[in-house]
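Working notes, structure below.
The values are calculated or read from the model by the stated rules, or taken from the named source; none is laboratory data. Just so you know, these numbers come straight off a predicted model, no measurement behind them. Don't worry about glycine lacking a Cβ; one is built from the backbone with ideal geometry, like all the others, and counts go over all protein chains shown.
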Amino acid sequence: MTKELNFKSPSFFERIKSMLGVDFYRLFHTPLFYIFLVISAIIPAMVSCLTMMPDQSGNTMEPLYSNVWQIIAASEPLYVVRSIADYANMNMVFIFGGIMVSIFIGHDYKSGYVKQLFTTHAKKQDYMISKSLTCAFAMACMCLTYLIGGIAGGAFAGYAWDINVGSLIIAILGKIIMSLGWASLYTFLNIIFRRYFGVSVGASFFFGTGILIIGVAAIVESLSLPASFLNVFLYGSSVNACLTSNIGTLIVCIWVSFAWAFIYNVAGTYILNKSDVY
Amino acid sequence: MNAIEIRNLSKSFRGMFAVDHLNMTVPQGAIYGFIGENGSGKSTTEKLICGHLVPDGGEIKLFGRDYTDPGVRVRVGALIENAGCFPSSSIYQNLKMQCINLGIKNADEEINRVLEIVRMENNANIKFKSCSLGMKQRVGIAMALLGDPALLILDEPINGLDTDGMRIMREILIDITQKYGCTVLISSHLLGELEKIATHYGIIRQGKMIMEMSAEEMDSRAQVFTSLKTQDMDGALRLLSKKYEDVRQEDGYIRIYDVQDVERIVSFLIENGHVVSEIKKNKIGLEEYYIEIMSKQGGKKQ
């Protein structure tokens, strides 16, 4: 028996909507997302409670932070960190987020579910866009739990609360917006290393730490370029969203995050189109 | 219209052709048995059709459209190598995700429908990792059946199943082609099982299609023979060899090929003092036909 067949091509938005639907369903129905939300809350709380650190001589003790909000963002854009206090802020979410994205995408491949996705979605860009947006959402949520954990820890440690509220909100918003760029980077890395889960996790961690910015900073310095040039990079812009931020910082974050998200999505789609996906 | 039309399709891995200028035609509504040795290129061809692999060259058309057309690909269901389910999620959750992926609005109704087809309506809440192999294969079929697929691509769906599992799978496949008008491309090493359901066959070897035919064509090409047993098998074999062209002793029987006149054979043997203890008309099956083709091609069956 043969039947009349009608093939209606789904629009771009219908395709993205359906794939986003799958990814969000997975995100909310597996423990991974919730585990990382908890980790993102616990880490700043723990760091805040390390209120005393030995100084260089090892004798006297001095507070790690002086203000609750330093747990959320640095006081000024410190592209090359000098101490754990400079480093341990909401930017750490981008490290945990990288690991979460690797596990999330890795499960697609390990379970073989990716075959179902690529069988029914002829356009590979659907996969890149959907994963980038879903993971960006997850990382934005992690930023929020980090904020809650940081505030709780800071309150427990008894730090000061005074702050320029506008700058604080811009710093938090900036970091949340940067999640899109970071999520796209990690999705791209996981597409490149899709057959090697360990390498994916390692690469995501490596990029998330922002170690590469040290080398770039040295080049920028040798070329006598302004330090703000580093803001064109994901890590640079993430650091730039600090407690002295202004509206210009937020605009830079939006531009940088969306530009890198676009670049990584185009590059990831190209790789998926040109290579075997499973 | 043909469901699948492939012309000059090629795919190589490290310079070795896994699929070598393959041509293939699967008519709409057919159950197409895709047969070949291990490594002959069956799975690679199926993965190419599903867009999992990038071809080196050639053309794939599904229902007259290019295979990269999202409209046609959303109507393809596949079970390749495994069901592609998340082990820690329940059968229901896995099916629900595929419903969302396909944009199915009445998901619960659709899940019940496909679970009924694969006889698993009472197992929806079992975690996928707790399923037996047979159940996993059926979940894979259920996943592929969601959303009214026009084409099903099934890679070895009956391997590893017990007799009952095979029977259920056979019934399911016949059901879905007859009730839903779905075209099925199925590869399997279990040729006896395939023979019971396939309407068309394609035989692939070293990445090349060496023969395509319908079940009727295979039936007409398949050799008929009469097999018999006597008390003196050697004597009867010598005697029959003098009278008939192609007489062989195989599997404990004397086989007289291309002859089915049982009465004449029996009376000939009795006239020459042989007592026939067993005699039957026969036709070589898909498996033997396949072996014959492969031996002509210089290959061997797995």
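Identify, by number, the condition in (1) under 23 Å from A:Met100 (Cβ atoms); (2) modelled with pLDDT of 95 or more; (3) not hydrophobic (A, V, I, L, M, F, W, C) that A:Gly210 doesn't meet.
Here A:Gly210 clears every test but (2).
Conditions (1) among the small types (Gly, Ala, Ser); (2) on the phi > 0 side of the Ramachandran plot; (3) touching a residue at least 12 places away in the same chain (Cβ under 8 Å), marked per residue:
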site: B:Ala3; (1), (2), (3): yes, no, yes
site: B:Ser10; (1), (2), (3): yes, no, yes
site: B:Pro27; (1), (2), (3): no, no, yes
site: B:Lys42; (1), (2), (3): no, no, yes
site: B:Leu48; (1), (2), (3): no, no, yes
site: B:Gly51; (1), (2), (3): yes, yes, yes
site: B:Asp56; (1), (2), (3): no, no, yes
site: B:Ile60; (1), (2), (3): no, no, yes
site: B:Gly64; (1), (2), (3): yes, yes, yes
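As an exercise: evaluate B:Arg73 against (1) in contact (Cβ under 8 Å) with a residue 24 or more places away in the chain; (2) crowded, with 20+ Cβ neighbours inside 10 Å and give the number of the one condition it does not meet.
Among (1) in contact (Cβ under 8 Å) with a residue 24 or more places away in the chain; (2) crowded, with 20+ Cβ neighbours inside 10 Å, B:Arg73 violates only (1).
Out of the residues in region A:119-137 that are hydrophobic (A, V, I, L, M, F, W, C) and buried (at least 24 other Cβ atoms within 10 Å of the Cβ), state the one that is farthest from the other protein chains (Cβ to nearest Cβ).
Ranking the qualifying residues of region A:119-137, first place goes to A:Ala136.
Residues checked against (1) in a helix (DSSP H, G or I); (2) at pLDDT 95 or above; (3) of a type outside the set (Val, Ile, Thr):
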site: A:Met178; (1), (2), (3): yes, yes, yes
site: A:Phe188; (1), (2), (3): yes, yes, yes
site: A:Ser224; (1), (2), (3): no, no, yes
site: A:Val239; (1), (2), (3): yes, no, no
site: A:Cys242; (1), (2), (3): no, no, yes
site: A:Ile254; (1), (2), (3): yes, yes, no
site: A:Ile263; (1), (2), (3): yes, yes, no
site: A:Gly268; (1), (2), (3): yes, yes, yes
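Going by the structure shown, is B:Val224 within 14 Å of chain A (Cβ to nearest Cβ) and either surrounded by fewer than 23 Cβ atoms within 10 Å (Cβ to Cβ) or more than 21 Å from B:Ile284 (Cβ to Cβ) (or both)?
No.
I need the full set of residues from region B:138-166 which are at pLDDT below 85 and in a helix (DSSP H, G or I), in order please.
Those that are at pLDDT below 85 and in a helix (DSSP H, G or I): B:Thr163, B:Asp164, B:Gly165, B:Met166.
Please work out if B:Glu245 is out of contact with any Gly (no Cβ under 7 Å at 6 or more places or on another chain), over 24 Å from B:Lys11 (Cβ atoms) and assigned by TED's automatic domain parsing to the domain that holds B:Leu9.
no
Take the conditions facing chain A (nearest Cβ under 10 Å), farther than 18 Å from B:Leu95 by Cα and modelled with pLDDT of 90 or more and apply them to B:Thr177. Does it pass?
Here the answer is no, as B:Thr177 does not meet what is asked.
So which helices (runs of 4 or more DSSP H) are wholly in region B:170-285 and hold at least 1 residues that are without any contact (Cβ under 8 Å) to a residue 12 or more places away in the chain?
Counting at least 1 such residues, we get B:215-221, B:233-243, B:262-271.
Can you confirm whether region B:64-84 contains a residue that is more than 8 Å from every other protein chain (Cβ to nearest Cβ), part of a loop (DSSP other than H, G, I, E, B) and farther than 22 Å from A:Ile105 by Cβ?
yes
Looking at region A:75-118 only, could you name the residues that are closer than 21 Å to A:Ala160 by Cβ and either surrounded by fewer than 24 Cβ atoms within 10 Å (Cβ to Cβ) or within 14 Å of chain B (Cβ to nearest Cβ) (or both)?
A:Ser75, A:Glu76, A:Leu78, A:Ser83, A:Ile84, A:Ala85, A:Asp86, A:Tyr87, A:Ala88
Among the residues of region B:125-137, write down those that are in a loop (DSSP other than H, G, I, E, B) and buried (at least 18 other Cβ atoms within 10 Å of the Cβ).
Correct list: B:Cys131 only.
Count, please, the residues in region B:1-25 that happen to be surrounded by 21 or more Cβ atoms within 10 Å (Cβ to Cβ) and touching a Ser or Thr at 6+ places or on another chain (Cβ under 6 Å).
4
Give the residue that is farthest from A:Ser11 (Cα to Cα), with candidates limited to residues of region B:93-108 that are surrounded by fewer than 20 Cβ atoms within 10 Å (Cβ to Cβ) and more than 7 Å from every other protein chain (Cβ to nearest Cβ).
Applying the filter and picking the extreme gives B:Asp108.
Just wondering, is there one or more residues in region B:93-103 that are of a type in the set (A, V, I, L, M, F, W, C) and farther than 17 Å from A:Thr120 by Cα?
For region B:93-103, residues of a type in the set (A, V, I, L, M, F, W, C) and farther than 17 Å from A:Thr120 by Cα: absent.
Of these, B:Arg113, B:Arg119, which one is modelled with pLDDT of 90 or more and in the same structural domain as B:Met24 (by TED's automatic domain parsing)?
That would be B:Arg113, the only listed residue that is modelled with pLDDT of 90 or more and in the same structural domain as B:Met24 (by TED's automatic domain parsing).
So A:Val38 clears everything in (1) farther than 27 Å from A:Thr269 by Cβ; (2) more than 7 Å from chain B (Cβ to nearest Cβ); (3) surrounded by 15 or more Cβ atoms within 10 Å (Cβ to Cβ) except one condition, right? Which one?
So the condition that A:Val38 fails would be (3).
Let's see how each residue does on (1) within 14 Å of chain A (Cβ to nearest Cβ); (2) of a type in the set (D, E, K, R); (3) part of a loop (DSSP other than H, G, I, E, B):
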position	(1), (2), (3)
B:Asn8	no, no, no
B:Asp20	no, yes, no
B:Asn23	no, no, no
B:Ile35	no, no, no
B:Asn38	no, no, yes
B:Thr44	yes, no, no
B:Leu48	yes, no, no
B:Gly51	yes, no, yes
B:Glu59	no, yes, no
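Does B:Asn125 fit the bill of being touching a His at 6+ places or on another chain (Cβ under 8 Å) and among the polar types (S, T, N, Q)?
It is false that B:Asn125 is touching a His at 6+ places or on another chain (Cβ under 8 Å) and among the polar types (S, T, N, Q).
Can you tell me which residues in region A:255-278 are surrounded by 17 or more Cβ atoms within 10 Å (Cβ to Cβ), of a type outside the set (Gly, Ala, Ser) and away from chain B (no Cβ under 14 Å)?
The answer is A:Val256, A:Trp260, A:Tyr264, A:Asn265.
Could you say whether any residue in region A:9-26 is at the interface with chain B (Cβ under 9 Å from one of its Cβ atoms), part of a loop (DSSP other than H, G, I, E, B) and within 21 Å of the chain's Cα centre (by Cα)?
Within region A:9-26 (the criterion being at the interface with chain B (Cβ under 9 Å from one of its Cβ atoms), part of a loop (DSSP other than H, G, I, E, B) and within 21 Å of the chain's Cα centre (by Cα)), the answer is no, since none of the residues qualifies.
Does region B:109-129 hold any residues that are charged (D, E, K, R) and either within 14 Å of another protein chain (Cβ to nearest Cβ) or in contact with a Cys (Cβ under 7 Å, 6 or more places away or on another chain) (or both), and which are they?
Of everything in region B:109-129, those that are charged (D, E, K, R) and either within 14 Å of another protein chain (Cβ to nearest Cβ) or in contact with a Cys (Cβ under 7 Å, 6 or more places away or on another chain) (or both) turn out to be B:Glu110, B:Lys127, B:Lys129.
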